[in-house]
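J.: Here it is, the structure in full.
The values are calculated or read from the model by the stated rules, or taken from the named source; none is laboratory data. Computed from a predicted structure; not experimentally measured. Neighbour counts run over all protein chains shown; Cβ positions are idealised from the backbone, glycine included.
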């Protein structure tokens with residue numbers, strides 16, 4: 001782009017045309033920023049003409065709709081914020097803007113990032129570009145679908161228990177959750193503050209590295225962001241895995257996912273070995289407690305984080321006889337069932353008399369999970385695991401909340417430990433209830449702050465395999 | 001029956017940091033509503049708090065002032081409850097790991113008796129906004145048609161200070177509060193103005209038969225807007241509770257409001273809401289480590305404390321309670337005095353000069369004493385010159401005026417102009433003999449029995465010596481020369 005093969009404006013115009021073409025089938029976006037994107041592209045082209053250079057010049061960017069961008073509606077996929085115009089811009093979004101990326105739309109998501117299929121969005125349906133009968137994953141489902149359908153080159157998502165990695169796996173993308181604290185959360189509408197982390201969803205590891213390099217670093221506006229030097233990753237990607245020890249978790253038995261899926265993960269391990277990696281078995285004895293731990297801590301934090309949506313200052317207001325009734329009616333009308341469920345669970349877990357039994361014990365379990373990882377990393381450099389419990393499933397097939405929660409079984413422990421983890425495309429299976437092959441994701445996890453070797457290894461694996469090269473065909477069939 | 005009151009105080013003090021507790025908005029009283037606000041203090045979605053380091057330093061200062069423990073680790077917690085003037089519907093506060101623990105407020109009563117009241121803790125939190133209810137005529141929420149919220153105050157750093165139930169009378173409660181106020185002012189952490197709401201306090205009051213160890217049922221009094229109303233409210237509540245117990249009635253634990261106009265406490269709402277605040281550590285804020293080095297650095301910069309001054313002034317300097325209090329409650333003057341006295345070593349004389357002539361000069365010219373052209377050290381020097389009889393008090397007054405005019409140190413003026421008082425017999429004799437020679441007629445009159453000319457002759461000697469001669473020596477020599 002800086003080389004002037006195409007202007008930012010040309011690239012943005014082409015992307016907006018693509019969006020117009022496929023969006024009726026995919027539904028990745030809650031709002032498309034047509035005018036703003038063209039204005040930003042023109043302004044960028046002028047600066048490039050004046051000699052400025054940008055690492056992500058003109059890159060069409062999808063922004064998950066829980067990240068604020070000044071002057072644009074930011075909904076969190078909720079009726080509560082359906083018309084709320086953000087008065088400021090998130091630090092991570094600002095970093096992408098400064099690097100030259102151009103937001104083309106706000107991506108759909110499970111309401112307040114609570115869900116694994118995007119079906120909990122109150123404002124729209126997003127379909128998986130590889131099979132329109134299937135979900136794109138969640139909660140960053142719109143982000144994943146937008147990049148998979150070539151409606152954006154990079155999407156920003158947020159990951160609390162797997163919300164970047166699972167949709168990336170479902171949509172054959174790279175989805176990267178850096179170490180907790182690497183990227184400022186300022187301007188990310190909180191679900192569970194101690195777990196939320198922003199990251200990119202991209203078609204290649206290199207794009208993910210470029211986006212990470214643009215966003216990582218200390219932000220004085222977020223006191224949980226880490227004041228620690230960030231080494232650029234994009235220039236440190238590797239072609240082989242010689243000398244890298246990759247741990248396979250004994251407790252993560254892929255046999256139970258079915259023979260087809262098991263084969264894909266076996267093949268992936270062979271491919272890693274072929275690249276020079278040494279495969280070792282490691283143990284995460286407490287990994288099984290991850291889900292229960294997560295479903296106490298995350299709802300506890302969300303019950304408090306979401307208290308501000310009360311109809312008083314912004315968002316949906318349903319009047320009542322007094323303030324308390326107005327609060328109740330606004331919240332009853334503004335929140336969907338999954339959000340209400342988690343607020344109730346969290347309120348209960350923090351209540352006096354239950355706090356020690358639930359919240360305090362969950363925090364202790366969280367410490368144990370982190371300790372398990374630290375121990376495992378004494379004998380390996382990276383850990384390989386599935387990125388989700390299945391490939392993308394059909395709409396409305398997970399009606400029981402617990403079966404939905406299970407989708408994040410393999411991603412939640414890493415979130416509890418705050419570790420950097422990513423999903424990279426690793427193969428295809430055709431589900432029993434469908435005809436189209438669906439992608440699977442290999443999850444690689446690194447020790448805290450080891451983003452560099454993590455991205456380097458993922459790049460080597462991506463280069464040695466062809467899974468990522470397969471583009472969705474169904475939308476093209478329908479669109480043309 | 002004879003009862004003893006048991007009183008504990010809980011107060012909230014706004015810290016006078018330049019910016020708010022968790023954002024960069026100005027911390028200022030009296031601005032147009034909703035002009036000192038940002039996404040953070042409005043609790044906008046996605047906004048995050050960042051702690052104000054100055055507020056934490058102020059807390060350390062307060063802890064040190066009251067000899068509290070300052071734990072190495074502290075954290076912020078969320079106190080969850082819905083209230084329309086609280087933007088996030090939780091307050092960032094401190095639950096089980098406050099910045100300071102324990103401590104004691106040592107205070108004095110009007111007669112100078114020293115008392116102590118232990119502190120439970122002082123913790124740091126954020127203030128809420130302020131609601132105004134419209135349409136009801138009297139500003140109350142009942143009957144109002146709508147409410148307006150001003151968020152200027154939301155997020156202002158607030159120190160919550162909780163005392164142990166060590167106070168036994170309204171007088172002690174007020175003595176405690178006055179001491180808290182003057183100490184917090186002296187260490188520069190708050191304006192502590194009840195009328196602007198930067199000090200707000202509640203009192204927990206119970207009574208028990210004298211000699212009894214067990215506590216009675218307590219009531220909590222709110223809405224006291226001055227120290228005077230604190231005194232009246234507590235006295236009224238003690239009387240009410242005493243009358244009830246005497247009549248065989250039971251005291252109900254409740255929250256009372258002080259009705260200033262009618263001079264009574266009134267039940268605010270008997271329906272006691274059992275609040276469950278669901279405290280938990282704020283995941284947006286990392287735990288704080290307060291190192292010993294940091295505490296030592298704050299300690300090194302601590303100004304003199306009112307209690308220290310009180311003890312020094314009354315015990316070492318022999319000031320009475322009124323004098324000591326007057327000086328302590330004007331910290332700039334006390335600072336000046338303290339520096340002067342280290343030079344003069346004469347507390348009483350120095351106090352006379354500082355509160356007398358110097359304060360008069362300062363008042364006349366409208367100059368705050370800390371900008372006085374006379375330095376505290378020069379004033380101390382002046383007092384010492386009088387005390388060593390180098391100059392007399394008349395010259396001292398003149399000198400002070402010249403020092404105020406910028407003529408420098410008193411010693412240098414005295415030396416330059418030879419103003420030192422002389423009791424040297426030869427010099428005094430020279431002045432005396434000159435005057436006697438020049439006033440032969442008066443000498444005759446004196447010897448003839450008109451002894452009242454003696455004063456005239458003394459004056460003449462003083463005049464001819466330009467005030468330098470030691471009046472005592474002049475007196476003695478004159479009598480001698482005049483023959484008795």
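J.: Which of the following residues is under 27 Å from the mean Cα position of the chain (by Cα) and either modelled with pLDDT under 95 or assigned to a loop (DSSP other than H, G, I, E, B) (or both): A:388, A:370?
T.: A:388
J.: Quick check on residue A:292: is it away from chain B (no Cβ under 14 Å), in contact with a helix residue (DSSP H, G or I) (Cβ under 9 Å, 6 or more places away or on another chain) and within 18 Å of residue A:443 (Cα to Cα)?
T.: Here the answer is no, as residue A:292 does not meet what is asked.
J.: Would you point out the residue of region A:330-351, among those that are surrounded by 17 or more Cβ atoms within 10 Å (Cβ to Cβ) and under 18 Å from residue A:311 (Cα atoms), that is nearest to the other protein chains (Cβ to nearest Cβ)?
T.: So, considering only residues that are surrounded by 17 or more Cβ atoms within 10 Å (Cβ to Cβ) and under 18 Å from residue A:311 (Cα atoms), the one nearest to the other protein chains (Cβ to nearest Cβ) is A:331.
J.: Separate question: Assuming residue B:282 fulfils every condition listed in (1) in the same structural domain as residue B:231 (by TED's automatic domain parsing); (2) touching a helix residue (DSSP H, G or I) at 6+ places or on another chain (Cβ under 6 Å) apart from one, which condition is it?
T.: Here residue B:282 meets the rest and fails (2).
J.: Right, next: Look through A:446, A:464 and report the one residue that is modelled with pLDDT of 95 or more and surrounded by fewer than 16 Cβ atoms within 10 Å (Cβ to Cβ).
T.: A:464
J.: Would you check which residues across region B:221-241 are surrounded by fewer than 17 Cβ atoms within 10 Å (Cβ to Cβ) and not in a helix (DSSP H, G or I) and list them?
T.: The answer is B:222, B:225, B:226.
J.: Out of the residues in region B:32-42 that are at the interface with another protein chain (Cβ under 10 Å from one of its Cβ atoms) and either touching a strand residue (DSSP E or B) at 6+ places or on another chain (Cβ under 9 Å) or without any contact (Cβ under 8 Å) to a residue 24 or more places away in the chain (or both), state the one that is surrounded by the fewest Cβ atoms within 10 Å (Cβ to Cβ).
T.: For region B:32-42, the residue satisfying everything is B:38.
J.: Turning to a different aspect of this structure: Across region B:272-300, what is the total count of residues that are away from every other protein chain (no Cβ under 14 Å) and at pLDDT below 95?
T.: 1
J.: Answer yes or no: is there a residue in region A:191-211 that is in a loop (DSSP other than H, G, I, E, B), in contact with a helix residue (DSSP H, G or I) (Cβ under 7 Å, 6 or more places away or on another chain) and away from chain B (no Cβ under 13 Å).
T.: yes
J.: Further question on the same structure: Any chance you could count how many residues in region B:3-31 are surrounded by fewer than 16 Cβ atoms within 10 Å (Cβ to Cβ), in contact (Cβ under 8 Å) with a residue 40 or more places away in the chain and over 28 Å from the mean Cα position of the chain (by Cα)?
T.: 1
J.: Would you mind finding the one in A:163, A:146 that is under 17 Å from the mean Cα position of the chain (by Cα), away from every other protein chain (no Cβ under 14 Å) and either surrounded by fewer than 24 Cβ atoms within 10 Å (Cβ to Cβ) or more than 30 Å from residue A:330 (Cα to Cα) (or both)?
T.: Being under 17 Å from the mean Cα position of the chain (by Cα), away from every other protein chain (no Cβ under 14 Å) and either surrounded by fewer than 24 Cβ atoms within 10 Å (Cβ to Cβ) or more than 30 Å from residue A:330 (Cα to Cα) (or both) holds for just one of A:163, A:146, which is A:146.
J.: Do we have any residue at all in region B:100-114 that's more than 22 Å from the chain's Cα centre (by Cα) and surrounded by fewer than 21 Cβ atoms within 10 Å (Cβ to Cβ)?
T.: Looking for residues that are more than 22 Å from the chain's Cα centre (by Cα) and surrounded by fewer than 21 Cβ atoms within 10 Å (Cβ to Cβ), one finds at least one in region B:100-114, hence yes.
J.: Against the condition modelled with pLDDT under 95, surrounded by fewer than 18 Cβ atoms within 10 Å (Cβ to Cβ) and touching a helix residue (DSSP H, G or I) at 6+ places or on another chain (Cβ under 9 Å), how does residue B:169 come out, does it pass? Show your work before the answer.
T.: Details: modelled with pLDDT under 95: no; surrounded by fewer than 18 Cβ atoms within 10 Å (Cβ to Cβ): yes; touching a helix residue (DSSP H, G or I) at 6+ places or on another chain (Cβ under 9 Å): yes.
The answer is no for residue B:169.
J.: Could I ask something else about it? When the residues of region A:66-78 are filtered to those that are at negative phi and away from chain B (no Cβ under 11 Å), which remaining residue is surrounded by the fewest Cβ atoms within 10 Å (Cβ to Cβ)? Let's see the steps before the verdict.
T.: Applying the first criterion (at negative phi) to region A:66-78 yields A:66-70, A:72-75, A:78.
Add one more test, that the residue is away from chain B (no Cβ under 11 Å), and what stays is A:72-73.
Values: A:72: 20, A:73: 16.
Ranking the candidates gives A:73 first.
So that you can scan it fast, the table gives a plain yes or no per residue for (1) more than 19 Å from residue B:42 (Cβ to Cβ); (2) touching a residue at least 12 places away in the same chain (Cβ under 8 Å):
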{"residue": "A:304", "(1), (2)": "no, yes"}
{"residue": "A:315", "(1), (2)": "no, yes"}
{"residue": "A:319", "(1), (2)": "yes, no"}
{"residue": "A:326", "(1), (2)": "no, yes"}
{"residue": "A:338", "(1), (2)": "yes, yes"}
{"residue": "A:347", "(1), (2)": "yes, yes"}
{"residue": "A:351", "(1), (2)": "yes, no"}
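J.: Then there's this: Looking at A:344, A:316, A:296, A:291, which is the one that is out of contact with any strand residue (DSSP E or B) (no Cβ under 6 Å at 6 or more places or on another chain), within 28 Å of residue A:123 (Cα to Cα) and in a loop (DSSP other than H, G, I, E, B)? Spell out how you get there, then give the answer.
T.: On the way: A:344 fails: in a loop (DSSP other than H, G, I, E, B); A:296 fails: in a loop (DSSP other than H, G, I, E, B); A:291 fails: in a loop (DSSP other than H, G, I, E, B).
Only one candidate passes the filter, namely A:316.
J.: Quick check on region A:172-190: of everything there that is at positive phi and touching a strand residue (DSSP E or B) at 6+ places or on another chain (Cβ under 7 Å), which residue is nearest to the other protein chains (Cβ to nearest Cβ)?
T.: A:187
J.: Can you pull out the residues in region A:79-92 that are more than 10 Å from chain B (Cβ to nearest Cβ) and crowded, with 24+ Cβ neighbours inside 10 Å?
T.: A:92
J.: If you go through region A:212-254 one residue at a time, how many are outside any loop (DSSP other than H, G, I, E, B) and either within 14 Å of chain B (Cβ to nearest Cβ) or at pLDDT 95 or above (or both)?
T.: Counting residues in region A:212-254 that are outside any loop (DSSP other than H, G, I, E, B) and either within 14 Å of chain B (Cβ to nearest Cβ) or at pLDDT 95 or above (or both) gives 10.
J.: How many residues does region B:132-150 hold that are out of contact with any helix residue (DSSP H, G or I) (no Cβ under 9 Å at 6 or more places or on another chain), assigned to a strand (DSSP E or B) and buried (at least 16 other Cβ atoms within 10 Å of the Cβ)?
T.: Looking only at that region, the number is 3.
J.: Determine which single condition residue A:425 fails, assuming it passes every other condition in (1) modelled with pLDDT of 95 or more; (2) surrounded by fewer than 19 Cβ atoms within 10 Å (Cβ to Cβ).
T.: (2)
J.: Given the criterion in a loop (DSSP other than H, G, I, E, B) and out of contact with any strand residue (DSSP E or B) (no Cβ under 6 Å at 6 or more places or on another chain), identify the matching residue among B:95, B:58, B:83.
T.: Being in a loop (DSSP other than H, G, I, E, B) and out of contact with any strand residue (DSSP E or B) (no Cβ under 6 Å at 6 or more places or on another chain) holds for just one of B:95, B:58, B:83, which is B:83.
J.: Could you run through region B:446-474 and say how many residues are part of a helix (DSSP H, G or I) and surrounded by 15 or more Cβ atoms within 10 Å (Cβ to Cβ)? Give the derivation first.
T.: Just the residues of region B:446-474 that are part of a helix (DSSP H, G or I), to begin with: B:446-447, B:453-464, B:471-474.
Of the ones still in play, those that are also surrounded by 15 or more Cβ atoms within 10 Å (Cβ to Cβ) are B:446, B:453-454, B:457-458, B:460-462, B:464, B:471, B:473-474.
Adding up the residues that qualify gives 12.
J.: Condition check: within 13 Å of chain B (Cβ to nearest Cβ), surrounded by fewer than 23 Cβ atoms within 10 Å (Cβ to Cβ) and in a loop (DSSP other than H, G, I, E, B). Does residue A:354 satisfy that? Walk me through how you get there before you give the answer.
T.: Details: within 13 Å of chain B (Cβ to nearest Cβ): yes; surrounded by fewer than 23 Cβ atoms within 10 Å (Cβ to Cβ): yes; in a loop (DSSP other than H, G, I, E, B): yes.
Taking the combined requirement at face value, the residue satisfies it.
J.: Also: Could you check region A:76-100 and list, in sequence order, the residues that are farther than 14 Å from residue A:188 by Cβ and touching a strand residue (DSSP E or B) at 6+ places or on another chain (Cβ under 6 Å)?
T.: Within region A:76-100, A:85 is the sole residue that qualifies.
J.: Right, something else. In region A:391-427, what count of residues is obtained for those that are outside any loop (DSSP other than H, G, I, E, B), in contact with a strand residue (DSSP E or B) (Cβ under 6 Å, 6 or more places away or on another chain) and more than 16 Å from residue A:373 (Cβ to Cβ)?
T.: So the count comes out to 6.
J.: Give me a count of the residues in region A:307-329 that are more than 9 Å from every other protein chain (Cβ to nearest Cβ) and surrounded by 22 or more Cβ atoms within 10 Å (Cβ to Cβ).
T.: Final tally of qualifying residues: 1.
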